[in-house]
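Report on one structure; see the data block that follows.
The values are calculated or read from the model by the stated rules, or taken from the named source; none is laboratory data. Since the structure is predicted, the reported quantities are computational estimates derived from the model, not experimental observations. Positions of Cβ are generated from backbone atoms using ideal geometry, with glycine treated the same way; all protein chains shown enter the neighbour counts. Surface accessibility is based on the protein's heavy atoms, side chains included, excluding ligands, DNA and RNA. Shrake-Rupley method; radii C 1.70, N 1.55, O 1.52, S 1.80 Å.
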Amino acid sequence: GRKWRCNAYADYMGFILTLNEGVKGKKLTCEYKVSETVEKLLDLLGTLDRWINETPPADQPSRFGNKAYRTWYSKLDQEAEALVLAVLPADKCAAAPEIAVYLKESVGNSTRIDYGTGHEAAFAVFLCCLCKVGALRVDDQLAIVFKVFNRYLSVMRKLQRTYRMEPAGSQGVWGLDDFQFLPFIWGSSQFVDHPTLEPRHFIDERVVNEHHQDYMFLDCIKFINEMKTGPFAEHSNQLWNISAVPSWSKVNQGLIRMYKAECLEKFPVIQHFKFGSLLSIQPIKP
């Protein structure tokens, strides 16, 4: 695939890996700082969530791709810039139109009514831009993953469930998950050096139910178990294979490698990213 070797790629991967280090060995329920910007981002996501309640699925014959999603999306399309303005510090208002593009890109495609890892990446780019303009800071790391990204995930799951969205660019049974990737990376990092829970434990439903409030990875497994029927090894083969890896740090490294190869180096996922002043397309100086 075509390589995305420019500052945007380096910035993006740097952002993902910084957060990966930040959450290492920490539970979702641990103590961390919650800044005003984080609170505002949670309000923004709360608004998107409320709009789902206000836009019930349409009565239609086809099972997938409920058309009411387009109504929901058009609301975001109209309001995105205002939503972003409400999050930005006053002196950074000029960045709102560009940052709003990533927000709109992060919730799925309104033509195809699908959602996948490219949309998820757009949300991470959205957060990365907020860091670049100084709205989010280094000490917001834990809140970015545990509060903001986690809330984003719950809204995306609600969208996927409510409007029966199709997986975008999914590799079917060979993919990691139909919709997400990042929470598996960060979620495996949370488990690094855990005294008792090993990768083999996440396929045990009792472990999942007991610990999903503390661990992002298990929360993803819980959602898969709710959405899919049949043996886990059949519907989620890649994850089943991962459960055989001896340590969480190996799982974490393997997922990062897979993410670079599967998600970021396959051009279609990122071809619609808009490159502007914040994420420049300048080649990296050798």
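With the simple model of a label 7 Å out from the Cα in the direction of the Cβ, S249 to R50 spans 4.6 nm.
Per the Cα gyration tensor, the range 102-238 maps to an equivalent ellipsoid with semi-axes of 25, 21, 12 Å, ordered largest to smallest.
The helix-only estimate of mean residue ellipticity at 222 nm for the chain, built from DSSP H runs of length n ≥ 4 each weighted as -39500 (n - 2.57), is -15500 deg cm²/dmol after division by the residue total. Which translational diffusion coefficient, to the nearest whole µm²/s, is obtained for the range 66-111 from the Stokes-Einstein equation, given a Kirkwood hydrodynamic radius over C-alpha pairs, 25 °C and 0.890 mPa s? Here the translational diffusion coefficient equals 220 µm²/s. The label-point distance for K158 and T71, in a model that sets each label 7 Å from Cα toward Cβ, rounds to 1.7 nm. Computed over protein heavy atoms with a 1.4 Å probe, the accessible surface of the chain works out to 46 Å² per residue. Counting 0.36 nm for each residue step from A90 to R206 and taking away their Cα separation leaves a gain of 37.0 nm. Comparing H212, H194, H119 in a Gaussian network model of the chain, where Cα atoms under 10 Å apart are tied by springs, the biggest mean-square fluctuation is seen for H194. Sorting S243, S74 by accessible area puts them as S74, S243; the probe is 1.4 Å, largest comes first, and only protein heavy atoms count.
In terms of the mean number of neighbouring beta-carbon atoms within 10 Å, the peptides 123-132, 10-19, 37-46 order highest first as 123-132, 37-46, 10-19. GNM on the chain, C-alpha springs below 10 Å: top fluctuator among R137, R206, R257? Residue with maximal mean-square fluctuation among R137, R206, R257: R206. If a/c stays under 1.5 just call it rounded; otherwise compare a/b with b/c (prolate if a/b is bigger, oblate if not). Do that for the chain, with a ≥ b ≥ c from the square roots of the Cα gyration tensor eigenvalues. It comes out rounded by the Cα gyration axes. Taking Lys and Arg as +1 and Asp and Glu as -1, the other residues whose beta-carbon sits under 11 Å from that of L41 total -1.
The listed peptides 217-228, 22-33, ordered by packing as a protection proxy, come out as 217-228, 22-33 (highest mean of other Cβ atoms within 10 Å first). Using a 7 Å offset from Cα along Cα-Cβ at H194, what residues in the range 213-251 end up with backbone N under 15 Å from the label point? Counting backbone N atoms under 15 Å from the label point, the list is 213-223, 240, 242-251.
Taking only protein heavy atoms and a 1.4 Å probe, the accessible area of the range 73-174 is 52% carbon and sulfur.
In the elastic network of the chain, a GNM with C-alpha springs shorter than 10 Å, the most mobile of D193, D139, D91 is D91.
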